[in-house]
Structure formats: structure tokens, C-alpha cells
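Report on one structure; see the data block that follows.
Every number in this text was worked out from the coordinates using simple rules, so none of it is lab data. As the structure is a computational prediction, the values presented were derived from the model and not from experiment. Here the Cβ positions follow ideal geometry from the backbone for every residue, glycine too, while neighbour counts run over all protein chains shown.
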């Protein structure tokens, strides 16, 4: 018979994302994390006094906490080598034309201005640690919507920032939250006034460029009563040899009856340690919708958390994780039902191939007062070969009465019968396998904005060769 | 004389992973010409489904001897999807469920694959709609995931839907009528009638002669222990219907 080969999936095409520019930063802080470094960052950012104090407080917490003892191995990380702050050689630019040429060419290749032209209201692209390009449509400004970088927000909306900054993710939460609190830089700030519906998505695009540079951007979004917003966060970084660290922080305040959709595709290069913390506080009748795609990075620990704080608050979480060679992606979601009649729906798909490891980890907690809480978890894993790994680790802590909690998990492989079925209809083996994988993530893909769905499809159009066996 | 489509000579095949190959087909000969309808009868375990799967190139089976030719070409060097593109179609006994791929998208991808030409979406959609009406499949099934949550009867009708839209030269129908109620058998049977013409051929496995009532069967083969032990016209169907396979086992 014909020569049989094992199914083998090589790395996906990443050249588009692995564009590297010459490092010509104006300023680099010293390696390692000391009080002097933190003071230096604070001074350069012209922080108000309270922010400096919080940074120093965070530094203390950081130094007192150990690395997490659960989850992926983080011993490769040597924080002493991480240059925590890199300021790119560009001033804030309001117009695309003003963005420096090499930075621009990278963005051009990532399609950012096109994306804006099509439908996006504003683009806040983070290049290293500073926002270099920012715009927002006039109509939004007239409605009182604020969309700006965190530094500007700190100057112009200081009381709001002071009230909310790291309230949901206190530095004591874990070591990387503390690190973030000490050295955070850049990020987005969005404020949507009561009753305002932002009907076009706001998008930010993060990138890390300099080798050895950590990125600690902070995203703070506040939705007042009965408002709505779709925020899209995309991440992509060029590839480097030195381990990179990303310890961003996202804090989302969803007011009464408000609705926030927060979509992300993280596509970090394969040397990134992605230790991101995201949390949402949802008031009465409010809705948080997470759409989360994790494709890149070397190690990821990412579990967006929804605190359902008011009655009938709701959380919808849709996630896809794709772990390939050399990747250990530990992702999932966490929900705290802290009020009666709150509900959550978690649906995830994880794929592992070429020795990659994908873990789904979730925590669902129902507090004693939160009677009639409802939560359903559905997670499915697909392993594309025999050397890859998938795990599912759901934790549930139910203290409220009349809770309705369901968990469904499946781990499987591509069905060879399904491949044969598609082939018997004329579809080549490679395409059959790709179709099955695309079908597997389809429930997630249909939640993504079109350009992201296309990007995800490109990511999944993996090279498959060999026949069944 | 009509065109020869399928020519099987002394075919021997077994399960690929088994040491002794557990030879299921033990020297089978079969010839099918364009315009013909052939029926294979035989008790359970006689090798009927194996034959279908071997013609389609299922990796579970290994051919250990003999030849399978299709329009003069050696099928054994071709992969399953290449066989499909040559014009062979298998209607599965237990069609697979494929989550995330809609009936319409799957059919369009298949059509494109077998014809090698781009499919015009609107024109195809019209065609699909008409074929679905014919088979009494609710229109919303076009947007449903392939066979997911379909009843047994719906899966079988979905197979015939694919048969009509892919229009192969040789249709292998593996118990397409099993598990169907009388009305559903009628629908499937009329679908096969609609498909069949002088240019193509059908090879039907069935345990139920009802599906054959409105088809003009040219040739009946009785399979026993991996060999064809009896051949004849449609009168053989009636005989087996009456007497079972017992008379064959006497030999």
C-alpha cells in the first residue's frame, strides 16, 4: 500500500508577525527591579504623587511574594534581566503620517490603518510601552466617550483613574499583579457615559519590539449605567531570543444594565511569557462578554475573571487556545457569583499540536448570598497528534442555595472516520483535517469580528501532510 | 455495448492492522457497466460493507491481492479523495457527524473538489434548495452542522442529497435504506431513481427489498464469506426474500 506517514503539523506561518525593527529606543531603564527604577519610571511619566506611592507599595508587595506554585513552570523567567520599561523614539502622534517610518511599516504589514479605515472608531496602538498612535472619531467625543492612553487619562481624568486603578486587581493578588502595579506603563482608558451606545468597536493593538523588554500596559474601561461598548484588544509581537514578559492588567467596570464585549486575540511570539490579569466587575443586569483567543507566546497564564456583583448580572465567556510546539498555554476563565440570579456561560475550545500543551483551567465560585446562580461550562479539547497534551482542570466552589451549575468537558482527537468521510467527498486529506479543526473552533470564530476571524482562520490553515495513520 | 465502469478481479482484502489480515474478501470478481444497477445481498459479516469501503479506499482495510479498476485505471494507487474525484461516491451506513461545518458549506467544498471548478454560490444555493425539496429535507438543514443531531433517517436523506449534488459515475449505497420507515425508503428510492441514468451506475447493499421495488435491477450478487457465490437477475431477490440464505449454505 501507499506510504503512510504520521500526521505532522509544522509551525504555522508566522513571518508576518515576526517582523523585527532595529532597536533604537530613546531610553532604556536599567535591568532589574529596584526602588530607583520604579522612581525613575514614575518621574519620567510625570506621575502624580499618589501614583508614585502606589508604585512603591506594589514594589514592596512584589518583593514579598513568590512565584505561583501552580500552573506552568516559570523558572525560565529571570526578572533581573527584564528591562522593564522601554520608551520608543516617538512622541504621541495624532495622525498616521506622523508615526515614524519603520514603526509604521510594521503596523502597515499588520494592517492597522486598513482596519481603521474599514470600521473602527479609534486605534490606540502600543509600540513597546508608549502609545504612539491614537485617534478617535469625533462623534464619540461629542457623545462624551473618552478613549485615550492611560498617561493622558491620568492627567485629564485623574479622580476617575484614582478611584478605579487597580481596585479590581489589587497588587496583593499575585506577584505579577504587584509587578504590574510597580512598573505599569501605557495602555488604554475608555469611559462611556450613561446611556451611550458605542456602536462601532474600539480597537487597540499591542506590540512588543525591543528584546528583553517587558510590557505592562494597563487597560481601564468604565461603562456607566445602560451604556454599551465593544472593545477589541489585539496583541502581536516579533520574535526574539531573550525571554519576554508580558504582565498587563485589564480592569473593566460594567455598570447597571450596561453591556461590554471585550475581544482579544493574543498572538505573541514564541518566547513570550504572557502573564496577564483581566477582571470585570458587573453590576445589576449588566453583561460582560469575553471573546478570548490565545495563539502565541511560550507560556501563557490567562484566566479572565468576572465578578457578578449585582442581581441578574451575566457573563458570557468564549475562548479558544491553540498550543503548538514549545508552547504551554494555561488558559481559562473564572466567575464569581456574588449576587442572586447571576448567570454565566463559559464555552472554550483548546487545540494542541506538535508537542504543545494546552490546559483549560476554570474557577466558579458562588457566594452564600448568591442564591439561584446559574453557570454552565462547556470545554472541548482537540489533540492533533500523539505528542501533544490537553488538560481540563475545573474548580467549583458552590455556597449559594438553588444553584444550577453544569460542567461538560471532552478531550479528543480528529476522528479518522470523519477525515475519511470528507475525503470520500473529494476533499483532500489536508483540507479535510483543516476543515475539521476549523469546524471545531467555529462556535468561537463566529463570535469574532470579521478580520479577527480571518486572522484566526489563517492561523489554523496549518500545514498538514501525510495520510491517515 | 455499454461502457465498463468498475472491474474487480480476484479481490482479496482484510483489516489492515491485523497480523493475519483476517481476510474478509477472498477472491471476489465484479463488473459494473454504465447504466446498470447492481445489488449485493448476503448475510451479516459476509463482507458487503468491506467491499464498499475497499472500493472507496478506507485506510482500515488492506488489499492483499487482486485488482480494482475504474474506467480502466488502477484504483489502488489512488487516495480516497482522488477516487471521489474520478466519480465514485459512497453513501455511508453510519454517516459521520462533523461539528462546525454546515451542510451547505460541506457540499459546496465537495462540489468544488470533485468538479475542480469554482462553484457559483447563488446558482449552487438554488440547486441545493431544489434537491432538498425533492428529498423533503427542511430548508434550515442547509445551515445546520453536518449530521449533528440528525435522526437516522435525516442522515440517510443527507447522503442522497450529496449523491444528487455531486452526481458521481458510480454510487455505492451501503444500506442507505436501513432504519428508515416506509415513507423515508420511498424518498430515498426516488432520489436514487432521479440520480440514475445511462451514464452512471449504482451498487446497492440492502437487507430490505422495498428500496428495490421501483428500481430496475440489472444484476444481483450474493456474497458469502467474502466470495460471490450466486449471481442472477432480479428474480434472485425474490428467492432470497422467500427462502433466506439457507439454500446457499448447503453447498
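According to the Kirkwood relation over distinct C-alpha pairs, the hydrodynamic radius of chain B is 18.7 Å. Applying 1/(1 + (r/R0)^6) with R0 = 30 Å to the Cβ-Cβ distance of residue A:172 and residue A:446 gives a FRET efficiency near 0.20.
If you fit an axis through the alpha-carbon atoms of helix B:103-115 and take the longest principal axis of the Cα set of chain B, what angle between them do you get, 0 to 90°, nearest 10? Between helix and principal axis, roughly 60 degrees. When chain B is treated as a GNM with alpha-carbon contacts under 10 Å, the residue of B:41, B:224, B:236 showing the greatest mean-square fluctuation is B:236. Take each residue of peptide A:411-424, count the partner chain Cβ atoms within 10 Å of its Cβ, and average: the result is 6. Remark: relative contact order (chain B) = 26 percent; criterion is Cα-Cα distance under 8 angstrom and separation of 6 or more residues.
Grab the Cα-Cα distance for residue A:369 and residue A:46, subtract it from 0.36 nm times how many residues apart they are, and report the gain in nm with one decimal. Fully extending the segment from residue A:369 to residue A:46 adds 111.9 nm.
For chain B, the longest principal axis of the C-alpha atoms and the axis of helix B:182-195 are separated by about 90°.
Between region A:261-288 and region B:45-97, the C-alpha centres lie 49 angstrom from each other. Each Cα pair under 8 Å and six or more residues apart adds its separation to the average, and for region B:164-244 the resulting relative contact order is 28 percent.
In this simple spin-label model, placing a label point 7 Å from the Cα along the Cα-to-Cβ direction at both residue B:247 and residue B:121 gives a separation of 5.9 nm.
What is the calculated FRET efficiency for residue B:2 to residue A:407, with r their C-beta to C-beta distance and R₀ = 51 Å, to the nearest 0.05? With R0 = 51 Å, the Cβ-Cβ based efficiency is 0.25. Relative to the longest principal axis of the Cα atoms of chain B, the long axis of helix B:152-166 lies at roughly 80 degrees.
What shape does region B:159-251 take by its C-alpha gyration tensor, where a ≥ b ≥ c are the square roots of the eigenvalues and a/c under 1.5 counts as rounded, a/b above b/c as prolate, and the rest as oblate? Prolate.
For residue A:417 and residue B:144, a Förster radius of 30 Å and the Cβ-Cβ distance give a FRET efficiency of 0.95, rounded to the nearest 0.05.
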